[in-house]
Amino acid sequence: MSSHDAFRSLVSRSREVVLASAIVGAITGVAVAGFDRLTVGIFEHGVAHLPLWLMALAPAAGLAIAGLWLQYPGHGLSRSSADEYLDAFHEQRPLRVRDMLHRLVGAVATLASGCAMGLEGPSIYMGATIGSTAQRRWRHFLGGADPNLLLVAGAAAGIAAIFKAPVTGAIFAIEVPFQEDLARRMLLPAMIAAACGYLSLVAINGTTPLFPIHGAPPFSFVDLAGAAALGIAAGGGARVFAVMIRRAKDLSHVGHPVVRVAAAGATIAVLFAIGRGLTGQSLVLTPGYGVVTWALAPNRAVALLLAVLVLRCVATSAAVAGGGVGGLFVPLVVAGALLGRAIGAAGGSTDSLFVVVGIAAFLGAGYRVPLAAIVFVAETTGRPGFVVPGLIAAVVAELMMGRMSVTQFQTRPRPGMMPEGE
């Protein structure tokens, strides 16, 4: 079926598409709420209260549990989560609930132990699997629809729910499969599912914004020029981080699993000790949102902010190399916040402008999703006025990124190929 025929089929079945997408979104939202509560609850009420020496060893234990579970009950499943969504999208292959459950055990073990990864990767994968399964079950109800329709809808609901950001979820799900294009035919189901996923999540976990950003951004030429400069720095930083992650993914398949987990766990323990010595806080062993709050304090030294940035990036890479199951969206957000705060502090700024701009630039460049990054900072901060400087920084960072990305499963349009959906 041609792209044009698929689009006409989607329009003609709009009621079925809306209903199916809404159901997938609502189920995904509830599932993500449960996953979030379980994982964060174990960390905050268990691991975070351990003696420091046990906290330092917790990530190694989490990586070991994840590795053992995926190797034996999971029969050798990979540690991929968001990458599974991208691979399934391009290969048009189904995602299985059984595999999802095994990977979620690995994700809870990885993230609840304090590894510096994000909950959004498993959330995207969970939603995509729910959508993929629903589309197979409802193939007669959705006859003629694009085979990726509910896969994308579920992924959108997953990201919308975990970040309480429905527009971000819809845009990210259709933007991330490609480096220079959008899966535009999937916009309607993505929007419906993202909205329903968001509503299901907030009905359980509330609507509190992720980041405590206050105030309105200035719009002087100096600040906008600073945003462009930050975009250059963020693009370069995201490029280095992407290389680290790619290398870490390669290392996760090299050598004996016991050696990999031991080396990764030891590395994270050392980084944790350094972080505690520098800051007095456990910034290396958190999902990341608390690090953004920490960075917003007005008295942070530039050198300390950059040190925490390096520690977090290396800790995330170590977790990936050790076979951790988690996302890279939040690590990119945290890195952008730290870099933005450092550059702002170097210029004498103590407000939140450069933190937000750094998030947009680093995230947009790292995952090659500038549109989703801009919408993300507007939704999660509740300050849409940050969009203009964030847009400038994100565009500059995207140009600096070249063809690099934290995932190898994105595609680029071939010469002479019509854009997807045309």
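The values are calculated or read from the model by the stated rules, or taken from the named source; none is laboratory data. Note that the coordinates shown come from a computational prediction; the quantities given were computed from them, not determined experimentally. Note that each Cβ is placed from the backbone with ideal geometry, even for glycine, and that neighbours are counted across all protein chains shown. Keep in mind that these areas ignore ligands, DNA and RNA; they rest on the heavy atoms of the full protein, side chains included. Shrake-Rupley method; radii C 1.70, N 1.55, O 1.52, S 1.80 Å.
Only one entry in PHE272, PHE241 is in contact with a Cys (Cβ under 6 Å, 6 or more places away or on another chain) and surrounded by 14 or more Cβ atoms within 10 Å (Cβ to Cβ), namely PHE241. Would a scan of region 260-267 turn up a residue that is in a loop (DSSP other than H, G, I, E, B) and open to solvent by less than 10 Å² (accessible area, probe 1.4 Å)? No, because not a single residue in region 260-267 is in a loop (DSSP other than H, G, I, E, B) and open to solvent by less than 10 Å² (accessible area, probe 1.4 Å).
Inspect region 98-114 for any residue being of a type in the set (Lys, Arg), touching a residue at least 60 places away in the same chain (Cβ under 8 Å), touching a helix residue (DSSP H, G or I) at 6+ places or on another chain (Cβ under 8 Å) and over 23 Å from GLY206 (Cβ atoms) and give the result as yes or no. There is at least one residue in region 98-114 that is of a type in the set (Lys, Arg), touching a residue at least 60 places away in the same chain (Cβ under 8 Å), touching a helix residue (DSSP H, G or I) at 6+ places or on another chain (Cβ under 8 Å) and over 23 Å from GLY206 (Cβ atoms). Scanning region 107-142 for residues that are at pLDDT 95 or above and either open to solvent by 40 Å² or more (accessible area, probe 1.4 Å) or part of a loop (DSSP other than H, G, I, E, B) (or both) gives SER113, GLY114, CYS115, ALA116, MET117, LEU119. The one condition from (1) part of a helix (DSSP H, G or I); (2) surrounded by 14 or more Cβ atoms within 10 Å (Cβ to Cβ); (3) at pLDDT below 90 that PRO217 does not meet is (1).
Take the residues of region 71-87 that are over 13 Å from the mean Cα position of the chain (by Cα) and surrounded by 23 or more Cβ atoms within 10 Å (Cβ to Cβ): which is modelled with the highest pLDDT? Only one residue fits best here, namely GLU84.
Among the residues of region 89-106, the ones that are surrounded by fewer than 16 Cβ atoms within 10 Å (Cβ to Cβ) and not aliphatic (A, V, I, L, M) come to 7 in all. Scanning region 292-316 for residues being among the charged types (D, E, K, R) and outside any helix (DSSP H, G or I) gives a total of 1. Can you find even one residue in region 279-291 that is in contact (Cβ under 8 Å) with a residue 40 or more places away in the chain, assigned to a helix (DSSP H, G or I), within 24 Å of ALA378 (Cβ to Cβ) and within 23 Å of the chain's Cα centre (by Cα)? Checking region 279-291: at least one residue is in contact (Cβ under 8 Å) with a residue 40 or more places away in the chain, assigned to a helix (DSSP H, G or I), within 24 Å of ALA378 (Cβ to Cβ) and within 23 Å of the chain's Cα centre (by Cα). Among the conditions (1) in contact with a Cys (Cβ under 7 Å, 6 or more places away or on another chain); (2) assigned to a helix (DSSP H, G or I), GLY324 misses just one, which is (2).
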